[in-house]
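Take a look at the structure set out below.
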Amino acid sequence: MPGAETFLGIDSDGGATSPPNGGAADNGDAPLIAGATEGPGSVTGEDAGLGAIVAVPPGGFAPLALTLEVASKDGSAGAYRWDLGNGDVVAGGATLEYTYEIPGIYTVEAVAPDGAEGEVVHDVAIPVVSQITIDIEAGDDPLTFTFAAVTAEPDQQLPAGTYRWEFSDGGIEYGTTLTRTFRSFDPVYVALTVTIAGVEIGCGHANVQMHAQPLVANAGPDRVIVYSDDDGVENVTLDASGSEGSIEAYLWREGDTVLAATTDVSVVVPLHVGEYVIALEVFGGELTASDEVRITEWPCPADCETSTSSWQNFTTDAYSGASVAEFDVVPHAAHIDALTGLSEGPGSGYADFAVLVRFNDAGTIDVRDGGTYRADAVMPYTAGQTYHVRLEVDCAAKRYDVYVTPPGGAEQQIADDYAFRTDRMTSPV
């Protein structure tokens, strides 16, 4: 059960249960009193000085053993013919003990002998149902649970009735199945009752003990950052999106210095040239977790260019025949749309480049092949990391191969014999 554990204490003895904290009263042994009804030529129990049938318990799970009694208002006992509604008819006194083995709703009649006032008939409905219990399933959210009333046998249908769920946090819900999100991780008690033919039947109770999902702090991968200008400061994004759990706050520190205390999953902080070990601490309720990331800041060397929204160009010797070009690329953000490549002259737009390597917005590196971008191997990239790119270009055939070395990894070919950009096939490079 992801993110939570559920402990069930089931009490399903067929009587109604009473939840704590001032919940509904225990109706397991409460009598159901049915008034007498009149048959042809008969008088009511009240007119005859008689009472009504009392059933203890008034209903429950099969097999249901109960006591039936005609409550006499004048204290008389009398003799009765008991029709138990299932084909059994017995003679007895004002009190009868009986057990129903099969589920059903049974109308019980107690018929008094003919007298001066005429025949007196009393009746009461007794609901007898199959065992019903509580099933609890945790959701993806550690505070969300699904509650269901289920029968003991999977192929049995739930009896028609009103299903009432009472929670110790004050909530009351209705239905055979419901999903509920709680407000805290405090233990919760739930009791289920079903009302059938006017009789409440306790279906058990459960203690739902919720445990918060353990927090996992993730400060992101170690990075090397290259400054984009000469002011000595670079704005760096600290990203905790890889963290897990119900996190309420994030604290970023470098030594004893607090860089940011925020509820946002990422934050931008200015860093000067140097090497940093930045600690991340995440908080959720009473839980905490920590991680750290190493960030190295160094200025852009003389042969380095940084592009933001405009094209930057290097001048190299002219390529001819089979040529090789190598360079390092550092993406400054995730899911960007940035390109580097070779052109015949200074490039100011995509169409100026015959050879193109792209850091795409899907988070991978791909290559221009004629009129489209694709790659022979998936190469994901991470912001702030250095990727070494090697191009093998056949200027005469207008074809090229691309190799990329990720940080800490081995060189991998991602393009084999790709064509120059379609509208640059006449370009020497």
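No lab work stands behind these numbers, since they all come straight from the coordinates. Computed from a predicted model, the values in this text were never measured in an experiment. Methodologically, a virtual Cβ is constructed for each residue, glycine included, from the backbone with ideal geometry; neighbour enumeration extends over all protein chains shown.
What is the sum of charges around TYR400, taking Lys and Arg as +1, Asp and Glu as -1, for the other residues whose C-beta is under 10 Å from the C-beta of TYR400? Local charge sum for TYR400: -3. A convex hull fitted to the Cα coordinates of the range 322-424 yields 93 cubic angstrom per residue. Count Lys and Arg as plus one, Asp and Glu as minus one, and take only other residues whose Cβ is under 14 Å from that of THR146; the net charge is then -4. Going from the residue with the fewest nearby Cβ atoms within 10 Å to the one with the most, THR181, THR193, THR95 rank THR181, THR95, THR193. Give the Debye-formula value of log10 I(q)/I(0) at each listed q (0.17, 0.21, 0.25, 0.26 Å⁻¹), with one equal scatterer per alpha carbon of the range 92-185, two decimals each. Here the Debye-derived log intensity ratios amount to -0.88, -1.10, -1.31, -1.36. Neighbour counts of C-beta atoms inside 10 Å place THR257, THR146 in the sequence THR257, THR146, starting with the fewest.
Across the range 223-298, C-alpha contacts under 8 Å between residues 6 or more apart give a mean separation that, scaled by the residue count, equals a relative contact order of 36 percent. Ranked by how many other Cβ atoms sit within 10 Å of their own Cβ, fewest first, the residues PHE61, PHE283 fall in the order PHE283, PHE61. Pull out a ≥ b ≥ c, the square roots of the eigenvalues of the alpha-carbon gyration tensor of the range 237-345, then state rounded if a/c is under 1.5, prolate if not and a/b is larger than b/c, and oblate in the remaining case. Here the range 237-345 falls in the prolate category.
How would you classify the range 223-298 from its alpha-carbon gyration tensor, with a ≥ b ≥ c the square roots of the eigenvalues: rounded for a/c under 1.5, else prolate if a/b is greater than b/c, otherwise oblate?
Verdict is prolate for the range 223-298.
If each residue of separation counts as 0.36 nm, what is the full-extension length gain between GLN209 and LEU158 once their alpha-carbon separation is subtracted? So the extension gain works out to 15.7 nm.
The range 383-429 and the range 323-376 have Cα centres separated by 9 Å.
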